Amino acid sequence: MFSKETYQNRRKALHQKMNSGVVLLLGNNDSPMNYPGNIYEFRQDSTFLYFFGLDHPGFAAVMDIDEDKDIIFGNDIDIDDIIWMGPQPTVKEMAADVGVADTKPFNSLFDYIKNALKNGRKVHFLPPYRADNKILLEELTQIKPAAQKSAASVELIKAVVSLRNVKSPEEIAHIEEIMDVAYEMHTTSMKMAHEGVYEREIAGTIEGITLKYGGRVSFPVILSKRGETLHNHYHGNLLKTGDLLLTDAGFESPLHYATDHTRTFPVGGKFSQKQREIYEIVLAANNAVHEAVKPGVKYLDMHMLACSTIFEGLKDLGLVRGDTEEAVAAGAHTLFMPHGLGHMMGLDVHDMEDLGEDYVGYEEGQKRSSQFGTAYLRLARELKPGFVFTDEPGIYFIPALMDKWIKEGINRQYINFDKVNQYRDFGGIRLEDDILITETGSRNLGKRRIPIDVDEVEEMVKSGK
């Protein structure tokens, strides 16, 4: 937890951005796996954490804009809870730690919201994503779950995004610190990538590293020699020398801030010529973006820079042809990179995705592309100091997508399908770094970059023998 002044300042900033009404923030509850007493590991709502910092189930909070006060609603535990959980601080004690003096029993929230609505006051809430909070919100406001997303307060969403998008110096320092764990996770994955090892052995080991440092994975580990499947969570393959292993994994700290990196490397420690050629193109795209990002640059332009770099590299190998600008505008590159370049990152690995990607990654009046592949771009807006985001270009040879394009003749004027077919069993390569926009430019987060150049990647893999 940060200092209480941090949470007070965050709430003060939100008060100043809202015109009137009551801001209702619902914390999360325990979620049963297979019966009520056997629960998933608790994860607090990120916006509730950002403003109120209490990492426990059973809380809600109100920020009364008109009366300029904040209230935490929650119940103290009883003797039955103490038997199983041990002594716990009171709600008032926890609230004091984040600078809130006013606390009330949870059930009094119903009367508070009921009275606000009765008096014609606006109750601002964010789109709920958990079923229990959807039910609670209906009980509080009479808005049915199916209508809650559209009824959520756009004013509140925009205010929250404007604050959370720009990371404070203490947030940046914390994210910087936890990059050491990310480094250990990914270099461990490299060192273990040898003949006869199952993917699950590596996935389990790097998830164990997150537990060792008091956190967890920031999303389910993607670790597979079938890297052409973008979010491949299957870990049952046996590795053989020469396979390409893609590891996309991140650490979520005890404060719930995330890292997110991807590395792709050869099992056994030696790229084939074919693998090296494709790898170098992806690396060139990653580095081109890293060198170009700075305040005032639109990330949509960086996405297009990465796509053009990839198309140019594939042209040199004879997989594509034609004018690069025209081909990219037509979407020819999306056969190989059918996703966006990156996303905002912070308390969520895809920061504030629950509030809506268009609010987080796009500016007012900026329209999301409808083009296949480019439509998946999560971050397109102008970059500002304090933004933390990912840079993750990739090249993938997806047989089903190749078959579709060949059958339908999609972009055949730009693509040498005969040559592309020779890569049908290649897999995929993605290289992802976490970037901070500074006042004058940008920098890669972390004391040291996770090995990414061909020689150092090969050396790291071989060092695990």
Projected area averaged over all directions for the convex hull of the alpha carbon atoms of segment 1-128, nm², comes out at 8.6 nm²
Here the averaged projected area of segment 49-187, based on the convex hull of its alpha-carbon atoms and given in nm², is 11.8 nm²
Reviewing (1) 23.2; (2) 24.0; (3) 31.5, the figure for Kirkwood radius over Cα pairs in Å actually calculated from this model sits under (2)
Mean accessible area per residue over the chain (1.4 angstrom probe, all protein chains present, square angstrom) is 43 Å²
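Kindly give Rg over Rh for segment 1-49, based on alpha-carbon atoms, with the Kirkwood expression for the hydrodynamic radius.
Details: Rg = 15.4 Å, Rh = 13.4 Å.
Using only Cα positions, Rg/Rh for segment 1-49 is 1.15.
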Reported to the nearest 10 Å², Met85 has, with a 1.4 Å probe, an accessible area equal to 110 Å²
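Taking segment 421-460, which trypsin sites (Lys or Arg not before Pro) meet the DSSP loop condition and have no more than 16 other C-beta atoms within 10 Å? Walk me through the numbers before you get to the answer.
Values: sites: Arg424, Arg430, Arg443, Lys447, Arg448, Arg449; in loops: Arg424, Lys447, Arg448, Arg449.
Loop-located and lightly packed - Arg424, Lys447, Arg448, Arg449.
Using unit Cβ charges (K, R positive; D, E negative) and no other charged atoms, how large, in debye to the nearest 20, is the dipole of the chain about its Cα centre? Working shown, then result.
Numbers: 52 positive and 70 negative charges, 176 e Å.
So the magnitude is around 840 debye.
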In deg cm²/dmol, rounded to the nearest 500, the helical mean residue ellipticity at 222 nm of the chain, built from -39500 (n - 2.57) for every DSSP H run of length 4 or more, is -12000 deg cm²/dmol
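Select from segment 151-258 those trypsin sites (Lys or Arg not before Pro) which occupy a DSSP coil region and have at most 14 other Cβ atoms within 10 Å, ordered by residue number.
Numbers: sites: Lys158, Arg164, Lys167, Lys191, Arg200, Lys212, Arg216, Lys225, Arg226, Lys240; in loops: Lys167, Lys225, Arg226, Lys240.
Within segment 151-258, the qualifying trypsin sites (Lys or Arg not before Pro) (loop, at most 14 other Cβ atoms within 10 Å) are Lys240.
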The alpha-carbon center of segment 310-360 and that of segment 242-289 are separated, in whole Å, by 16 Å
Partner aspartates and glutamates whose C-alpha sits under 20 Å from that of Lys144, ignoring same-chain residues fewer than 8 away, are Asp111, Asp132, Asp354
In whole angstrom, largest first, the equivalent ellipsoid semi-axes that the Cα gyration tensor gives for segment 177-253 are 21, 13, 10
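How high is the relative contact order of segment 174-283, in percent, counting Cα pairs under 8 Å that sit 6 or more residues apart? Could you put the intermediate results ahead of the total?
Details: 200 pairs, mean separation 32.1, N = 110.
Value for segment 174-283: 29 percent.
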Computed over the chain, the relative contact order (Cα-Cα under 8 Å, seq sep at least six) in percent reads 15 percent
When the charge dipole of the chain is computed with +1 at the Cβ of Lys and Arg and -1 at the Cβ of Asp and Glu, the Cα pointing farthest to the positive end, of Asn28, Gly214, Gly268, is that of Gly268
Among the DSSP H helices of the chain, those whose Cα atoms extend at least 24 Å along the helix axis and whose mean Kyte-Doolittle hydropathy is -1.0 or higher are 169-192, 273-292, 299-316
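Under a Cβ-Cβ cut-off of 10 Å, what is the net charge of the residues other than Lys158 that fall near it, where Lys and Arg count +1 and Asp and Glu count -1? Before the final figure, lay out the partial values.
On the way: positive: Lys17; negative: Glu155, Glu364.
Around Lys158, the surrounding residues sum to -1.
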With DSSP loop assignment and no more than 13 other C-beta atoms within 10 Å, the GluC sites (Glu not before Pro) in segment 402-462 are Glu439
Under a 1.4 Å probe, counting only protein heavy atoms, Glu5 has an accessible area in Å², nearest 10, of 90 Å²
Computed on Cα atoms, Rg of segment 284-326 relative to 2.2 N^0.38 Å comes out at 1.24
The alpha-carbon center of segment 156-189 and that of segment 371-432 are separated, in whole Å, by 27 Å
Here the relative contact order (percent) of segment 280-331, from C-alpha pairs under 8 Å and at least 6 apart, is 36 percent
Taking the dipole of the chain about the Cα centre (Lys, Arg +1; Asp, Glu -1; charges at Cβ), the one of Val454, Phe251, Val388 that reaches farthest to the positive side is Val454
Cα-Cα pairs in segment 253-312 separated by more than 19 Å, as a whole percent of all pairs, come to 49 percent
Expressed as a percent, the accessible surface of the chain that is carbon or sulfur, using a 1.4 Å probe and the full set of protein chains, is 51 percent
Semi-axes of segment 231-271 from the Cα gyration tensor (sqrt of 5 times each eigenvalue, largest first, whole Å) come to 26, 12, 7
Reported to the nearest 10 Å², Ile82 has, with a 1.4 Å probe, an accessible area equal to 60 Å²
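The values are calculated or read from the model by the stated rules, or taken from the named source; none is laboratory data. The model shown is predicted, which means the values in this text are computed figures rather than measured ones. Glycine gets a Cβ as well: all are built from the backbone with ideal geometry, and neighbour counts include every protein chain shown. Heavy atoms of the whole protein, side chains included, go into the accessibility calculation; ligands, DNA and RNA do not. Shrake-Rupley method; radii C 1.70, N 1.55, O 1.52, S 1.80 Å.
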